[in-house]
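Enquirer: There's a structure below that I have some questions on.
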Amino acid sequence: MKSSDKIKSLFGIYNNEVEEEIKNLLDSQSGFLMYKMMSYFLGFLDENSQPINSYGGKRFRPGLCLMIAEMYGKRKEALEVAAAIEIYHNFTLIHDDIEDNDPLRRGRPTVWKIWGINHGINTGDAQLILANLELSKIADREAMIFPILSNFLNKKFLEVVEGQFLDFTLADLPLDDEFVSEENYLMMIRNKTSVLVGAAAKAAGIISGVDDREQKSLWEYGVNLGLAFQLQDDLLSIWSDSGQTSKTKENDSYEKETLPMLKLYDTSEQTGKIKANDIYEKKKTLPIIRLYETIDQDKKIELMQIYSQKRRLSDAEVGQVINWLNSSDAHEYTRDKLKYYKDKSRLSVDKLSVGDGDKSKLLEVIDALLPDLK
């Protein structure tokens, strides 16, 4: 079974509930196009606001939240929490696409690419508010837990924004700046990406009323899973199998404007993004940081010059960087780091009080999200 099929198998029943909850929330708002933009981004509508069942992401964060809550007998009580986390996550992605100048998300044009940057920013802002409105639905029902849960999630939501700040900071600095380091990169992806996975796991524990020790183990499970997941994304952005990509269509004008017509830079089915876009945008991911630390001085200078460009990199520049990466240990090094966090996530499962069957399911989640990469 393919990894994507396994993820659907594990989370499908939970995500159907989350999607229905989010659809109802959006349908209850005014008729402004803004809410249809959200539905488009989430995969519920097409560009013309017609119903469609499009890929809206793995939705493993809300699925994980409901799955864990079910292990403690609180699946129904966790629905609004899971939906709020998914709404918030997609708010960050709408803005992230603008900030990274990404024309594609999940294989479709991004919100800003269709409706413009202003609408993209505004729609994202509204979605952030909707996340908190969704969460507030449990205030009366869970009067004792709600203040604790709300405070926890909003602190984690803020950490995600802090992660974006760190991402901007790293992007603005030259490669030879002392702040551009593996340590700071890992801190950035922890906040920007893995915190929300940890929050989904721990929030399930909070609403289920488990003790602090159990919540800590759930947090460790999620945050380490999230770190490994982002490192996998770093690898796939550069090294995903170009033989498994969906080819650029010449009659799609938005792609003709932004995508080079080369096999190397096709859209990856594994990520739904432009292959090597992290390099085009001069992202200082772990493979790039490792490359800079290990290449000889002449190549260091050349790599610095390439990454100091004030524009999106050219095909030739990206190709040169990829050649250097392929000649270095950056792939193996990043894979080893990924495995380190994957193993930490697995170890945290042993500390949980849930039954062996539930532990096996949590381990299945790890293996489905983090299949062994070649």
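Throughout, read-outs are computed from the coordinates displayed, never taken from laboratory work. This structure is a prediction, so every number in the text was calculated from the model and none was measured. Quick reminder, even Gly has a Cβ in these numbers, built from the backbone with ideal geometry, and neighbours come from all protein chains shown.
Enquirer: Among all helices in the chain defined by DSSP H, which have a length of 24 Å or more along the axis from Cα atoms plus a Kyte-Doolittle mean of at least -1.0?
Expert: Membrane-span-like by this rule: 3-27, 79-99, 117-135, 146-172, 212-239.
Enquirer: Same structure again: So how far apart, in nm, are the two label points at residue 323 and residue 169 if each is 7 Å from Cα heading toward Cβ?
Expert: Taking the two extended label points, one gets 3.6 nm.
Enquirer: Explain nothing, just the number: dipole magnitude of the chain about its Cα centre with +1 on each Lys and Arg Cβ and -1 on each Asp and Glu Cβ, in debye rounded to the nearest 20.
Expert: In total the dipole reaches around 560 debye.
Enquirer: Suppose we keep just the alpha-carbon trace of the stretch 1-126; what are its Rg and Dmax in angstrom?
Expert: Rg, Dmax (Cα atoms, Å): 14.8, 44.
Enquirer: Quick check: the distance between the Cα centres of the stretch 128-195 and the stretch 296-323, to the nearest angstrom?
Expert: Cα centroid to Cα centroid, the span is 31 Å.
Enquirer: Between residue 122 and residue 16, what is the FRET efficiency for a Förster distance of 35 Å, r being their Cβ-Cβ separation, to the nearest 0.05?
Expert: My answer for the efficiency is 0.75.
Enquirer: Can you list the lysines whose alpha carbon is less than 22 Å from that of residue 351, not counting same-chain residues fewer than 8 positions off?
Expert: Those lysines meeting the cut-off are 74, 202, 216, 339, 342, 359, 361.
Enquirer: Mean shadow of the chain, computed from the convex hull of its alpha carbons, in nm²?
Expert: Value for the chain: 18.2 nm².
Enquirer: Which FRET efficiency value, to the nearest 0.05, do you get for residue 139 and residue 32 by plugging their Cβ-Cβ distance into 1/(1 + (r/R0)^6) with R0 = 30 Å?
Expert: My answer for the efficiency is 0.70.
Enquirer: What residue among 324, 219, 112 has the largest mean-square fluctuation in a Gaussian network model of the chain, using Cα springs under 10 Å?
Expert: Of 324, 219, 112, the Gaussian network model singles out 324 as fluctuating most.
Enquirer: What FRET efficiency comes out for residue 343 versus residue 211 if R0 is 25 angstrom and r is the Cβ-Cβ distance? Round to the nearest 0.05.
Expert: The formula returns an efficiency of 0.50 here.
Enquirer: Under a 10 Å cutoff between Cα atoms, tell me which one of 103, 147, 62 has the largest fluctuation in the Gaussian network model of the chain.
Expert: 147
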